[in-house]
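To start, the structure under review is shown below, and the notes come after it.
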Amino acid sequence: MAKNKLLLVDGNSVAFRAFYALHGSLERFKNPSGLHTNAIYAFNLMFENVMEKEDPTHVLVAFDAGKTTFRNEMYEDYKGGRAKTPGELNEQLPYIRELINGLGISHYELKNYEADDIIGTLANQVDKNKFDVTVLTGDRDLTQLATDSIKVAITKKGVSDTEDYTPEHIADKYDGLEPKQIIDMKGLAGDASDNIPGVNKIGDKTAIKLLNEYGSVETLYQNIDDMKQSKMKENLIHDKDTALLSKKLATINTSAPVDISIDSLKYEGSDLEKLVPFYKEMNFRSFLENLDVNEENHDLEDILFEAVDEPTKEMFTDDMALYVEMLGENYHVEDIVGIAWGNDKKIYVSDSDKIFSNEAFKSWLLDKNKHKRVYNAKSTQVALNRYIALPESLTFDVLVAAYLLDTTDNSGDIAGICAHYDYHDIQPDEAVYGKGAKKGLPEDKETFFSHLARKIKAIQWLTPKLEEELKDKNQMDLYRDMEAPISSILAEMEITGITVDANRLNKMKDEFAQRLNEIEEKIYEQAGERFNINSPKQLGHILFEKMELPVIKKTKTGYSTAVDVLEQLKDQSPIVEDILQYRQIAKIQSTYVEGLLKVILQDGKVHTRYLQTLTQTGRLSSVDPNLQNIPIRLEEGRKIRQAFVPRKQDWVIYSSDYSQIELRVLAHVSKDKHLQEAFNENQDIHASTAMRVFDIDKPEDVTPNIRRQAKAVNFGIVYGISDYGLSQNLGISRKEAKNYIDTYFERYPGVKQYMNDSVAQAKEKGYAETLYNRRRYLENINSSNFNLRSFAERTAINSPIQGSAADILKIAMIELDKQLKEKKLEASMLLQVHDELVFEVPQSELETLDKLVKEIMEKAVQLDVPLITESSWGKTWYDAK
DNA sequence: TCATTCACG
DNA sequence: ACGTACGTGAATGAT
């Protein structure tokens, strides 16, 4: 039989830790009635973490009963001098008890005793044959309880991690000490936090040494006469009474008069009747959301809908919601399994194939005067285009709107967005369709139809809310004039696809396979055995254990074998060079050659999907396949681009990219005189930076190496520079890197000012924003955790730059799409790669297109510095260079 | 499912 | 003193 597990939580101590874990965000954690909630929130998080980790069968939270306990009778000043509990924490303590009730957990306190004693007593009392015990606390005192069946988990700085004290861990940490000797240690060394005095001049280190020799405080004093004369011996003798008292104070009372039965502590899950209203009162939306995932069908209202096979035209009006269901993500190939439409009065659903040839439906879809609101317009367009035709007037997209309002909030389906707006009359797709191998339509058609109907209802409900919020945040223009049009343009680009020459790839595949074979053999020979070169673990074993190469860097799980490490090992053994070679080719082979071959469809093309609502900055991302990371930097990989060809003979691939758009955006937003001057005079920006930062007078004195360093500095600036990052990138010392950065800021004071301002603004508003009101919320910008805060600060610097650049290319794409259509050009826009657009174009249109693209991209927006593009073309994407 | 590695801007 | 460059996606091996 599986063993029970009892979890004992030291309520006061964990509450205290929780309060300070989120202390940096104290003012942001307030519920509508002004109560601070940071400690309650963090307590809940810590609790969830430990419940998941330990999975206990029985749980109790113990609290201290009051200010004085039996220990004060022994020693008046016990816990004296302790700073008063902050008011902001005190006000939360009653609510933490309420939270515990909601979580379905018992709590207990006992007059005259501390939580420690309750925990010690219970931990001691339970039958160790039936129970393992875990104690959760922030207080190291409790580690004295550790045994083979009692583990003491001490909360670490954040909310998620604990340090687990077992007898082995204690021996490790305290140089061989046993758990019960912890109290002897406190007897000798004292404990400042509880105001336990200990012996004068003895600290933890000395105490451990003495205990290793004598075992306990008592035996130490029995043998003290034999101790060599020393100042320490005098102190020990002088403070003997204090030592014995201190030990007593530190000793947890394991026979407190606790009168609760273990059986009553059995954990049977949360009490939702209490917990849900409590979370609502505290404004804990994310916890509420998590509850929903676990409960199926809770409080779903009945929904009315009509299932139809062949709808008639009265069933379609202006201003309805439309939803097209597929069970997989790739709408280029997934079957449509159901369609729903409707408004507040009436909802229709259909899973019949007849709908695809239904005239009423089709004419409604294609009617520009019939406005439809949807969740994911692009998916809807691409899917329906395969079955019927490209739908018109999908005028509101709740997915894109929700993304603009909060980039972090789009968990994949409508229910995710709904939960964020406290609308719960819908289930996550996963709850209805399942996941993984078991994913499929529900047995019961009613369940399926209801789910579709609820999606219509949700879209209807969300639309006015989102519209209003977009207006409030001054983001309606961003939605209407940028994101909505871009959605349709991307749909067309995806549908068009790009032709891939499979023959070319197959030839490359054979060549690479042969070369890989040869390198493999060479590597095995040098290693003296065959192993999986793709396994960092096995490779690490060969390099660092068998061949004993020096270890440069470690990862969480073992030795690092990343490129920068291997580069440094090149001189040590020729095998390293071969491994690098192998890696390079294996990557090209598996990801690009084989990867691309797998996703070529019947039409000889690949159709990527651009994710419009994913990145935190406003960029697009590309999946299935990712066409935004096709190799270019190294010749070997660059050849992959030879497989990307125009769809017709005599056409060419044309490509145009912005030159230094991010630095130009920086010059604009920072208003830095010198940076602007460099761009206005059309200087080589990296050389110009080199001259200013490294005090070079004549352009001809800028060597390629100095220019390379300046280039790295410029990159660093855009990323929100750190001396360490720059030093790593350039392989120079941290001090030198710092020097570069200081000089840069001195020579470009406007940039320095911009960085200070962006961080300050983000701290005040809680978000960073682009030139076109795209927001990125920065949860940790005021965090007390250095790392989290620093990261948020760099993000506050980088996001407006990267995001504004993304905005600008989107604006250019919209204008370009318009002009291509107006001018009835045959050329089509195929790809977007962050600062680059790729087209296929008939030879005859090449000149026109080149002019048009250059004009539109460079004039897309008016900045304080010019925008410059560079274009090229050729028979393949490779030749467009 | 996570961690590592490496491709791009 | 902290431990880092910004934004992505795919393949692989290990768990």
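The values are calculated or read from the model by the stated rules, or taken from the named source; none is laboratory data. Just so you know, these numbers come straight off a predicted model, no measurement behind them. We place every Cβ from the backbone using ideal geometry, glycine too, and count neighbours over all the protein chains shown. Accessible surface areas use protein heavy atoms only, side chains included; no ligands, DNA or RNA. Shrake-Rupley method; radii C 1.70, N 1.55, O 1.52, S 1.80 Å.
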Listed residues A:ILE721, A:ILE732; which is in a loop (DSSP other than H, G, I, E, B), at pLDDT below 95, within 16 Å of DNA strand B (Cβ to nearest atom) and not hydroxyl-bearing (Ser, Thr, Tyr)?
A:ILE721
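Filter region A:629-643 down to the residues that are open to solvent by less than 30 Å² (accessible area, probe 1.4 Å) and more than 16 Å from DNA strand C (Cβ to nearest atom) and list them by number.
Restricting attention to region A:629-643, the residues satisfying the condition of being open to solvent by less than 30 Å² (accessible area, probe 1.4 Å) are A:630-631, A:637, A:640-641, A:643.
Listed by number, the list holds a single entry, A:ARG641.
Have a look at A:ARG747, A:ARG734, A:ARG776 and point out the one that is closer than 27 Å to A:ASN705 by Cβ and within 12 Å of DNA strand C (Cβ to nearest atom). Let's see the steps before the verdict.
Working: A:ARG747 fails: within 12 Å of DNA strand C (Cβ to nearest atom); A:ARG776 fails: closer than 27 Å to A:ASN705 by Cβ.
One residue alone meets the criteria, A:ARG734.
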Here are some conditions: (1) touching a Lys or Arg at 6+ places or on another chain (Cβ under 8 Å); (2) under 19 Å from A:ALA586 (Cα atoms); (3) at pLDDT below 95. A:GLY528 meets all but one. Which one does it not meet?
(2)
Consider region A:632-648. How many of its residues are within 10 Å of DNA strand B (Cβ to nearest atom) and touching a Lys or Arg at 6+ places or on another chain (Cβ under 7 Å)?
1
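Could you list, in sequence order, all residues of region A:595-605 that are in contact (Cβ under 8 Å) with a residue 40 or more places away in the chain and more than 29 Å from the chain's Cα centre (by Cα)?
Residues satisfying the conditions are A:LEU597, A:ILE600, A:LEU601, A:ASP603, A:GLY604, A:LYS605.
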Scan region A:538-554 residue by residue and report those that are open to solvent by less than 70 Å² (accessible area, probe 1.4 Å), within 12 Å of DNA strand C (Cβ to nearest atom) and within 33 Å of the chain's Cα centre (by Cα).
A:LEU539, A:GLY540
Filter region A:656-700 down to the residues that are of a type in the set (Ser, Thr, Tyr) and surrounded by fewer than 21 Cβ atoms within 10 Å (Cβ to Cβ) and list them by number.
A:SER659
From the residues in region A:423-452 that are over 19 Å from A:VAL308 (Cβ atoms) and among the hydroxyl-bearing types (Ser, Thr, Tyr), which one is nearest to DNA strand B (Cβ to nearest atom)?
A:TYR433
Of all residues in region A:198-207, which are modelled with pLDDT of 80 or more and either part of a helix (DSSP H, G or I) or open to solvent by 20 Å² or more (accessible area, probe 1.4 Å) (or both)?
A:ASN200, A:LYS201, A:THR206, A:ALA207
Just to be sure I understand the filter: pairs with C-beta atoms under 6 Å, separated by 6 or more residues or on different chains, first member in region A:640-662 and within 30 Å of A:LEU675 (Cα to Cα), second member among the small types (Gly, Ala, Ser) and away from DNA strand C (no atom under 15 Å from the Cβ). Which pairs pass?
A:SER655/A:SER872; A:SER655/A:ALA880; A:SER656/A:SER871
Residues (of a type in the set (A, V, I, L, M, F, W, C) and open to solvent by less than 30 Å² (accessible area, probe 1.4 Å)) located in region A:316-327:
A:PHE316, A:MET320, A:ALA321, A:LEU322, A:VAL324, A:MET326
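List the strands (runs of 3 or more DSSP E) that sit entirely inside region A:766-872 and contain at least 2 residues that are of a type in the set (Asp, Glu). Before the answer, list the steps.
Details: elements: A:767-769, A:775-777, A:828-832, A:836-842.
Once the strands (runs of 3 or more DSSP E) in region A:766-872 are filtered for at least 2 residues that are of a type in the set (Asp, Glu), what remains is A:836-842.
So which residues in region A:763-776 are farther than 16 Å from A:TYR719 by Cα and either surrounded by fewer than 19 Cβ atoms within 10 Å (Cβ to Cβ) or of a type outside the set (D, E, K, R) (or both)? Spell out the reasoning first.
Initially, region A:763-776 is screened for residues farther than 16 Å from A:TYR719 by Cα, giving A:763-767, A:771-775.
A:LYS763, A:GLU764, A:LYS765, A:GLY766, A:TYR767, A:LEU771, A:TYR772, A:ASN773, listed by residue number.
I'd like the full set of residues that are of a type in the set (Asp, Glu) and open to solvent by less than 60 Å² (accessible area, probe 1.4 Å), limited to region A:410-463. Steps first, please.
Step one: list which residues in region A:410-463 are of a type in the set (Asp, Glu), which gives A:413, A:422, A:425, A:429-430, A:443-444, A:446.
Selection gives A:ASP413, A:ASP425, A:ASP429.
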Which residue pairs have Cβ atoms closer than 8 Å, lie 6 or more positions apart in sequence or on different chains, and pair a first residue in region A:572-594 that is within 10 Å of DNA strand B (Cβ to nearest atom) with a second residue that is of a type in the set (Asp, Glu)?
A:LEU580/A:GLU567; A:TYR582/A:GLU520; A:GLN584/A:GLU636; A:ILE585/A:GLU636; A:ILE588/A:GLU636
Residue count, region A:328-377, condition open to solvent by 30 Å² or more (accessible area, probe 1.4 Å), touching a residue at least 40 places away in the same chain (Cβ under 8 Å) and of a type in the set (S, T, N, Q), comes to 4
Among (1) open to solvent by 20 Å² or more (accessible area, probe 1.4 Å); (2) closer than 30 Å to A:PHE284 by Cα; (3) not charged (D, E, K, R), there is one condition A:THR407 misses while meeting the rest; what is its number?
(1)
Subset of region A:573-606 [more than 10 Å from DNA strand C (Cβ to nearest atom) and touching a Pro at 6+ places or on another chain (Cβ under 9 Å)]
A:ILE588, A:VAL606
Region A:224-260, residues that are in a loop (DSSP other than H, G, I, E, B) and open to solvent by 60 Å² or more (accessible area, probe 1.4 Å)
A:LYS228, A:GLN229, A:SER255, A:PRO257, A:ASP259
